[in-house]
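We did not get these values from a lab; they are worked out from the coordinates using the rules stated. Here the structure is a predicted model, which means the values were calculated and not measured. When we count neighbours, we look across all protein chains shown, and the Cβ atoms used for this are built from the backbone with ideal geometry, even at glycine.
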Amino acid sequence: MIEAALRHRFAGFTLDVAFTAPTPGVTVLFGPSGAGKSTVVAALAGLLRPESGRIAVDGAVLLDGDAGAFVPPERRRVGLVFQDARLFPHLSVESNLRYGLRRAPAGPIGFADVVDLLGIAHLLPRRPHTLSGGERQRVAIGRALLSQPRLLLMDEPLASLDTARKAEILPYLLRLKTALALPIVYVTHAPDEVFAIADTLVLLEAGRVLAAGPLVELTARGDLPLAARDDAGAVLAAELAEHHPARRLSLLRAGAMRLWVPLVDAPVGTKLRLRIPAREIILATMAPEAISLHNIVPGQVRTVTENAARHAALVEVDAGGAVLLARITPDAVARLALRPGAPVLALIKSMAVDVLPH
Amino acid sequence: MAVGLPVALAVAFLLARGRFPGRAALDALVHLPMVLPPVVVGWLLLLLFGVRGPIGALLQDWFAIRLVFTANGAALACAVMAFPLMVRAIRLSLEAVDPGLEQAARTLGAGPLDRFLTVTLPLAAPGVLVGGIVGYAACLGEFGAVITFAANIPGQTQTLPLAIYAALQTPGGEAVAARLSLVSVVLAVCGLLLAEWAGRRLRRRVGR
């Protein structure tokens, strides 16, 4: 478990943040610029010593303000991937990779494994200035991994890359997540990265934690700033249940909910994550007939939150353990008399479901 | 020079990175020889390191070292005069090293000395080299401070400009002066070429 409680005053800005996150897994710090995300990362790495607070990773205390304990960065064994890679320009890629490895105690993460995992074997003799942005970032990730960290921090590692380079690196991050049982704290302000990689989400705003918890819970909540975004929508953990090649459909199971989606290219039993955009969900109190729709999911209204600015209402629907978020008009809420506890049917187009790797 | 460069490196590092009381005073002290007339520097050295000066007397009593009017004294005077030039060159290159790289080294487990030797110094190497060459050239050309502190003793405390000057004062000494001037030109050009060549190699190594 990662435990972090930090308090630090800057001129005109106070950081007062506390959260816990399970390990291993990816904890994403998400929020607008200036929310304090990078400050939290600097404190976790030890590059900033907050006025007070406590940081512990899997029982190892890195900072304890009350006891006056502060482990300096060079002895923390917390790896950090900077937004701008920060490879040593006077060293080859291989020497960069080995820089942390040489200084770390023997650990489980091997040189060959990392080079293979990140696909950087062909870059080893090169100098950093001859690499592309995406290659540099992969080397930086490898360098941090090889320092055998107990915690890996990534401060907007994809922010300086264009969309194509991002798409190039994201699969490596996902591989990393599954291949190494390493706790990762990942900073971003890009929602697509959150949906793809987060297990735990910490929402920051103006130096405070708005909410922290599992991604599936926070994305399903109608009262958070996430829900006010155009791309709002619950993320669900699902498993591939059946393939129907003849119908070109796959059946997914998320809790008690079953969803038909276009054929997924993965074996039955594969764990996946689904994202169902809130604006794509239709709510009904009676099942329609003769409709192209495959998915009519029975559930129960959990909450209804008005969003005055958008003239919209956000409805959380509990569909047997999996929670959906639907954005509909306040008029529809009134017509269907939706209120907490009311039974409801969620109509979900197969084509509207985003299927992501777990 | 050999003694001066590491000291200059240390002082440059202090001035570039250190935050301590008296930093401005140290800065001023280091730069003093550059703005004072060299004769004044020589005279101040004479006061401090003279046989009856506070430091000179100690050196004389404890180690039986006499600096005034000796070759070592000439070296000291040169070093003091060249010091600010070396410090400036090195400090600029230290300040140009991205502190972010040192932070990265820190998170990778490198302690302060380790970081300095494996990241800061290699990246500042071109500047340190330039500092050395500039210091060397300044030493070759030093005149005022040396003649005041160490006098003009042929074969002992005579620098090139002193020898040239002495030759010019002697009737028929033009030929000697011309030869010595040629030596000085050759030395200077060699120094510059060496600096250029080594600087380019170092810069290529750090990928700029």
>> Rounded to the nearest 20 debye, what is the charge dipole size of the stretch A:233-357 about its Cα centre when +1 sits on each Lys and Arg Cβ and -1 on each Asp and Glu Cβ?
In response: 80 debye
>> Against the empirical 2.2 N^0.38 Å scaling, what ratio does the C-alpha Rg of the stretch A:233-357 come to?
In response: 1.06
>> Could you tell me the calculated FRET efficiency between residue A:58 and residue B:153, based on Cβ-Cβ distance and R0 = 51 angstrom, to the nearest 0.05?
In response: 0.10
> Using the C-alpha gyration tensor of the stretch A:2-214, what are the square roots of 5 times its eigenvalues, in whole angstrom, with the largest one first?
Replying inline: 27, 19, 16
> What distance in nm separates the simple spin-label points at residue A:337 and residue B:65, each placed 7 Å from Cα in the Cβ direction?
Replying inline: 10.1 nm
>> Which residue, B:11, B:170, B:81, has the largest displacement toward the positive end of the dipole of chain B when charges sit on each Cβ (Lys, Arg +1; Asp, Glu -1)?
In response: B:11
> Based on DSSP H runs of at least 4 residues, each adding -39500 (n - 2.57), what is the mean residue ellipticity at 222 nm of chain A after dividing by all its residues, to the nearest 500 deg cm²/dmol?
Replying inline: -6500 deg cm²/dmol
> What is the order of A:13, B:49, fewest Cβ neighbours within 10 Å to most?
Replying inline: A:13, B:49
> Once label points are set 7 Å from the Cα along Cα→Cβ at both residue A:350 and residue B:7, what is their separation, rounded to one decimal in nm?
Replying inline: 8.4 nm
> Which residue fluctuates the most in chain A, going by a Gaussian network model with Cα springs under 10 Å, if the choices are A:200, A:20, A:270?
Replying inline: A:270
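So if we plug the beta-carbon distance of residue A:130 and residue B:203 into 1/(1 + (r/R0)^6) with R0 = 22 Å, what FRET efficiency do we get, rounded to 0.05? It would help to have the intermediate numbers written out before the result.
Numbers: r = 15 Å, r/R0 = 0.68.
Using R0 = 22 Å, I get an efficiency of 0.90.
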>> For peptide A:86-93, what's the mean number of Cβ atoms from other chains within 10 Å of each residue's Cβ?
In response: 6
> Does anything in the stretch A:325-354 have its amide N under 13 Å from the 7 Å Cα→Cβ label point of residue A:249, and if so which residues?
Replying inline: A:348-351
> Comparing A:276, A:109, A:55, which has the greatest mean-square fluctuation in the GNM of chain A with Cα pairs linked when under 10 Å apart?
Replying inline: A:109
>> Under 27 Å between alpha carbons: how many lysine pairs meet that in the protein assembly as shown, if sequence neighbours fewer than 8 apart on the same chain are excluded?
In response: 6
> By DSSP, what percent of the beta bridges with both residues in the stretch A:92-220 are antiparallel, rounded to the nearest 5?
Replying inline: 60 percent
> Which of B:83, B:116 comes first, and how do the rest follow, when ranked by fewest Cβ neighbours within 10 Å?
Replying inline: B:116, B:83
> Taking the Cα-to-Cβ direction at residue A:170 and at residue A:291 and moving 7 Å from each Cα, how far apart do the two end points lie in nm?
Replying inline: 3.0 nm
>> Rounded to the nearest 5, what % of DSSP beta bridges with both residues in the protein assembly as shown are antiparallel?
In response: 80 percent
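With a Förster radius of 45 Å, plug the Cβ-Cβ distance of residue A:282 and residue A:92 into 1/(1 + (r/R0)^6) and report the FRET value to the nearest 0.05.
0.20
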>> What does the extension gain come out to for residue A:308 and residue A:122, with contour length at 0.36 nm per residue minus their alpha carbon separation?
In response: 61.5 nm
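Just counting partner chain Cβ atoms within 10 Å, what average do the residues of peptide A:94-104 show around their Cβ?
3
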> Of A:308, A:337, A:125, which is farthest on the positive side of the dipole of chain A, counting Cα position, with +1 on Lys and Arg Cβ, -1 on Asp and Glu Cβ, and the Cα centre as origin?
Replying inline: A:125
> With +1 on each Lys and Arg Cβ and -1 on each Asp and Glu Cβ, how big is the dipole of chain A about its Cα centre, in debye rounded to the nearest 20?
Replying inline: 600 debye
> Lone cysteines in the protein assembly as shown, going by a 4.7 Å Cβ-Cβ cut-off?
Replying inline: B:190
> Of B:14, B:194, B:101, which has the largest mean-square fluctuation in a 10 Å C-alpha GNM of chain B?
Replying inline: B:101
> What size of dipole, in debye to the nearest 20, comes out for chain B about its Cα centre when the only charges are +1 on Lys and Arg C-beta atoms and -1 on Asp and Glu C-beta atoms?
Replying inline: 560 debye
>> Ignoring solvent entirely, what values of log10 I(q)/I(0) come out of the Debye formula for the protein assembly as shown at 0.07, 0.13 Å⁻¹ when each Cα is a single scatterer?
In response: -0.60, -1.25
>> Positive end of the dipole of chain B, charges at C-beta (+1 Lys, Arg; -1 Asp, Glu), about the Cα centre: which of B:34, B:50, B:109 has its Cα farthest in that direction?
In response: B:109
> What Kirkwood radius, in Å to one decimal, follows from the Cα pairs of chain B?
Replying inline: 18.9 Å
